[in-house]
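Rule-based calculations on the coordinates, nothing more; no lab input. Because the structure is a prediction, the values reported are computed rather than measured. So basically every Cβ, Gly included, is an ideal-geometry build from the backbone, and we count neighbours across all protein chains shown.
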Amino acid sequence: MSFPAAAFRGPLAAIAEGATLTAPDRSLPVPVASDRDVWDTSSGSADHAAIEEVIARATDERSTPWPQPRASDAARVHRDGDRTAWEDAAFERQRRLSRATVAAAATLDEGWVDEVVDGVVLLCEQSSWCWPAHDDTRRVHGAVLATVTDPFVDLGAGEVVAQLAWIDHLLGSVLEARAPGIRRRIRHEARVRVFEPFRRRRDWHWIGLDGDVHNWNPWIHGNVIVAALRLLDADTEIAEREGVVALAVEGLDRYVAALPADGAIDEGYAYWWNGACRALEALDVLAHATDGAVDATSVGSLRETVAFPHRSHLGGDWFVNHADGQARPPADQPWHALHRAARRYGDVEAEAMAASHRHPGSPAATERDGLGRLLRGLTDPAWVGASPASPPLPRAVWLPSTEVLLARHDAGSSAGLALVAKGGNNAEHHNHNDVGSFLVAVDGVPVIVDAGRPTYTAATFGPDRYDIWTMQSSWHNVPVVRGTTQPAGGNAAARDAVTGIDDERATFSADLAGAYPAAGLASWRRTATLDRVTRRIEIRDEWRFADAAPTRADTALHLLLAGEVQLERGGARVTPLGGARPVRLRWADDLEATAQVRHLDDPMLTEVWGERLTRLALPLASRTQLLLTVELDTPIEDLP
C-alpha cells in the first residue's frame, strides 16, 4: 500500500503521496545486532570509543537497582510544582536501558540481554509514559496520577515508544529467544498507550490545528513514525501501519509549513535540536523507509534551518540564547544529526559546524538524547570517520522572521566584539518579554547577556510564568518606561525593524514603543550598530512621549552583565567569564548608574553564569536620548 492523500496539504503532501513503505524489518536505518560487520566489538564498523564508554557506564550500574519514578514524585507537580524528581528518575531509567541495549548488541552476552529484558518490562509496567507535567488527567479526570485507561500522548510517550521500537529492531530476535513473548508485550503497550490514542484523539495541542505549531510537533510525530514503521508489523496491520505513518506525516507537514523561509526558530538554538532537527531526522527515516521516495531536500525552509545552529553560534560553547535557551548549552548535542542533514541538503558550512565537534577517538554519540540518536551516531560511517573542521562563524546574519541580527568583526573568528539585536514580539514560543533586547559577546563569550531559563517547574508554562524573574523584561537589556515593563502577548511587538549590513558596519534599528502599551510612548527608536572601523558597538536610544511630558525618574535602562563589574564615572569595566578580554561600557558622565547583584542558585543558571549576574540601572529622567558604547579595554595597537 502507499500513502493516501492528506487532508492538510503543506510542502510534504505531494512529496509523500503515493510513496510505498518498505517491510517493517528493513524500515529503520540502523543495522541489526546480528550484523557483526557493524556491531562486533573488535572488528565492527560501529564507533568503538562510544561503545566502550557506554558499556563502561552500564557495567558500573549493573548491580544497582533500576531508577524508579515514584507516584509521590508524580503528584508533586500538582502539590509544589516540582517536576524534576519524577522526570530525573524516568530519564535515567531510559538511559540505563539504552546503555544496556548497546552492550547487548555489541557483545550478544546473555547477561546484557537479560538487562535489556528487565528494562523493557519495567517500561511496559510503568503506569504512564507521559511526563506528569504534561498529562491532562487532572483536568479531565480530577486525578493527580495518570489515568491508565486514558493515556496522554506527549513527549515522554513518544520517546518511550520509539525507544522500544529501536530495541525491537536491533535486538528483537535475540530478546524473543531469551524471553519468549516480550515482543508481543512491547507491541501491546505501544498500541494501547500510543497508536490507539494517537488515532482516536485529534485534539492534541501539539498537532497545531489552531496554527500554533511548536517543537512538540516534530518530536512526537517523528517518534510515532519510528514506532509505527517497526511495531505495526503483523500481516493484519499493514493498512493500520500506512494510516498511522500517513497521519504522522500530515501532522509533521503542519510544522514544516509553518517553518519560516529563513529557517529561524523563535524558541532559539537550544530548541532547534528538539524541533527543526527532529523534523529533519524524521524525514531522514522516512527517506530510508521509502527507498528514497520521500525526499524533502527541495523544501527551502528545511534547507535554511540546517544552517540555524551556525547562524546562532557566538564562539566555543556559547550561542545566542533568546527565549528559554541556555547561552552555554551542553556541548554533547547529537551533532551527527546535523552532519547527516547537512550532507543531505548540501550545506557545507553546516557540515563544518557539526564536524567541529567531531574529535577522532572520542565517542561519536551519547545516550543523553535517546536511543535512536545514539544508534544513528554510532553507525553512521560518514560521521564516525569525519575529520575535525572549524565552525563557519559567519560575519553577519539577519533572520527577518524573528528579527534577529548577529554580527561580528571577521568571518571565521570569534575574536573581538559581536552584537546580537532583536525585535520580535512577546508571543514567541518559550517567550521571554524581551522585545528590542541586545547581547554583546567578546571573544565569543557573552558579557551583556540574556540570563536564559531556570529549572522548569509547574509555573514555567502556566499563568504564573511571568512571575519568574528571568522571563521579565526588567531582567533583559531594555528600558523600564514610566515604571512599566513589557507585557506578554503578540501585540507587544517591535515596529519598523530594519537592518543595514556592509563591510564597515552592521546596524539594526526598530521602534520599541509597541512593547510598552501603557507607557504613553509615541516612539522609542533603538539603533544597535557594530562598527568595524572604530571597533566598537553603539546602542542609541531616542524616545518621545505622546503627551510631550518630560521623561520621569521611573524610566531607566537595564543592562544584565556576566563577569566582574566595576562601575566608573560615565561607564563600567567588565571582565567577562572564561578568560575573554575586558570591555568598557560608556555613557554620559552625568548618569549615576547603580548595580544590583543577582545571586544564582538554580543549576540551570549557575552552570552557565556561575554564582551571580549583575544588573545595571541607568536613570533616564529628563532625557530623550541615550548613547551607550562598548569597546575592548585594549589599546588599539594591541588589537588583532
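Around ILE55, under 13 Å between beta carbons, what's the net of Lys plus Arg minus Asp minus Glu among the other residues?
Summing Lys and Arg as +1 and Asp and Glu as -1 gives -4.
For segment 312-321, what does the Karplus curve 6.51 cos²θ - 1.76 cosθ + 1.60, with θ = phi - 60°, yield as ³J(HN,Hα) per residue in whole Hz, taken in order and with x for Gly and Pro?
Whole-Hz 3J(HN,Hα) from phi for segment 312-321: 10, 8, 8, x, x, 8, 9, 9, 4, 10.
When the chain is fully extended, how far beyond the present Cα-Cα distance does ASP109 get from ASP88, taking 0.36 nm per residue of separation?
Working: separation 21, 0.36 × 21 = 7.56 nm, distance 2.86 nm.
Gain on stretching ASP109 to ASP88: 4.7 nm.
Using each residue's phi in segment 219-229, evaluate 6.51 cos²θ - 1.76 cosθ + 1.60 at θ = phi - 60° and report the 3J(HN,Hα) Karplus result to the nearest Hz, with x for Gly and Pro.
Whole-Hz 3J(HN,Hα) from phi for segment 219-229: 5, 6, 4, x, 5, 5, 4, 4, 5, 5, 4.
Quote the relative contact order of the chain in percent (integer), defining contacts as alpha-carbon pairs under 8 Å separated by 6+ residues.
Values: 1366 pairs, mean separation 69.5, N = 640.
This gives 11 percent for the chain.
What is the angle, in °, between the Cα long axis of helix 238-258 and the longest principal axis of the Cα atoms in the chain? Nearest 10 is fine, range 0 to 90.
For helix 238-258, the angle is close to 10 degrees.
With a 10 Å radius around each residue's Cβ, average the other Cβ atoms per peptide and rank 420-427, 556-563, 342-349, 56-63, highest first. Numbers along the way, then the final one.
Numbers: 420-427: 24.1, 556-563: 22.6, 342-349: 17.2, 56-63: 13.5.
With the highest mean Cβ count within 10 Å placed first, the list reads 420-427, 556-563, 342-349, 56-63.
Rounded to the nearest 0.05, what FRET efficiency is calculated for ALA331 and PHE461 with R0 set to 25 Å and r the Cβ-Cβ distance?
Working: r = 27 Å, r/R0 = 1.06.
After rounding to 0.05, the efficiency reads 0.40.
Whose amide H sits under 5 Å from the amide H of ALA492, counting only residues 5 or more places off or on another chain, with H placed in the peptide plane?
ASN426
Would you work out the relative contact order for segment 444-567, in percent, from Cα pairs under 8 angstrom that are 6 or more residues apart?
Over segment 444-567, the number comes to 27 percent.
What does the charge add up to near SER43, with Lys and Arg as +1, Asp and Glu as -1, over the other residues with Cβ less than 11 Å from its Cβ? All intermediate terms of the calculation are to be shown ahead of the outcome.
Details: positive: ARG36; negative: ASP37, ASP40.
Computed value for this residue: -1.
When the Karplus curve 6.51 cos²θ - 1.76 cosθ + 1.60 is applied with θ = phi - 60°, which whole-Hz ³J(HN,Hα) does each residue of segment 597-606 get, with x for Gly and Pro?
Whole-Hz 3J(HN,Hα) from phi for segment 597-606: 8, 9, 7, 9, 9, 7, x, 5, 9, 5.
Under 1.5 on a/c is rounded, so check that first for segment 163-206, then, if it is not, pick prolate when a/b is larger than b/c and oblate when it is not; a ≥ b ≥ c are the square roots of the alpha carbon gyration tensor eigenvalues. It would help to have the intermediate numbers written out before the result.
Details: a/c = 5.36, a/b = 2.53, b/c = 2.12.
It comes out prolate by the Cα gyration axes.
Rounded to the nearest Å, what's the spacing between the alpha carbon centres of segment 79-112 and segment 209-265? Just the number, please.
Centre-to-centre (Cα) distance: 25 Å.
Sort 579-589, 525-535 by the packing proxy (mean of other Cβ within 10 Å over each peptide's residues), most packed first.
525-535, 579-589
Can you give me the long-range amide H partners of ASN321? Hydrogens built in the peptide plane at 1.01 Å from N, cutoff under 5 Å, separation of 5 or more residues or another chain.
Result for ASN321 returns nothing.
Between the alpha-carbon centers of segment 430-451 and segment 524-546, tell me the distance in whole angstrom.
A separation of 16 Å, based on Cα centres.
What is the extension gain from THR606 to VAL348, computed as 0.36 nm multiplied by their sequence separation minus the C-alpha to C-alpha distance, in nm to one decimal?
89.4 nm
Quickly work out the GLU504-to-ARG535 label distance, labels modelled 7 Å from Cα along the C-beta direction, and quote it in nm with one decimal.
1.8 nm
Any chance you could run the full-extension gain for ARG79 through GLU568? It's 0.36 nm times the residue separation minus the Cα-Cα distance, nm to one decimal.
Numbers: separation 489, 0.36 × 489 = 176.04 nm, distance 4.74 nm.
The ARG79-GLU568 span can extend by a further 171.3 nm.
Checking the a/c ratio against 1.5 first, then a/b against b/c, what shape does the Cα gyration tensor give for segment 396-638? Spell out each step's value before the answer.
Numbers: a/c = 1.31, a/b = 1.14, b/c = 1.15.
It comes out rounded by the Cα gyration axes.
What percent do you get for the relative contact order of segment 31-201 when only Cα pairs under 8 Å and 6+ apart count? Write down the numbers at each step before the final one.
Working: 179 pairs, mean separation 36.3, N = 171.
It rounds to 21 percent for segment 31-201.
Taking amide H positions as placed 1.01 Å from N in the peptide plane, with prolines and chain starts having none, which residues 5 or more places from ARG612, or on another chain, fall under 5 Å of its amide H?
LEU600
Ranked from highest to lowest mean number of other Cβ atoms within 10 Å per residue, what is the order of the peptides 9-21, 103-115, 77-89?
Details: 9-21: 18.3, 103-115: 20.0, 77-89: 16.6.
Those peptides, ordered most packed to least, come out 103-115, 9-21, 77-89.
What whole-number distance in Å separates the alpha-carbon centres of segment 458-519 and segment 4-71?
Using only Cα atoms to place each centre, the spacing works out to 42 Å.
In whole angstrom, how long is each semi-axis of the equivalent ellipsoid of the chain, when you take the square root of 5 times every eigenvalue of its Cα gyration tensor and sort them from largest down? All intermediate terms of the calculation are to be shown ahead of the outcome.
Working: eigenvalues 418, 137, 113 Å².
The three semi-axes for the chain are 46, 26, 24 Å.
Using a/c under 1.5 as the rounded threshold, could you call segment 127-267 rounded, prolate or oblate? The axes a ≥ b ≥ c are square roots of the C-alpha gyration tensor eigenvalues, and prolate needs a/b larger than b/c, oblate otherwise. Don't skip to the end; give the middle numbers.
Details: a/c = 1.98, a/b = 1.34, b/c = 1.48.
In terms of gyration-tensor shape, oblate.
Distance in nm between label sites at SER43 and HIS599, each 7 Å beyond Cα in the beta-carbon direction?
Inter-label distance under the simple model: 6.3 nm.
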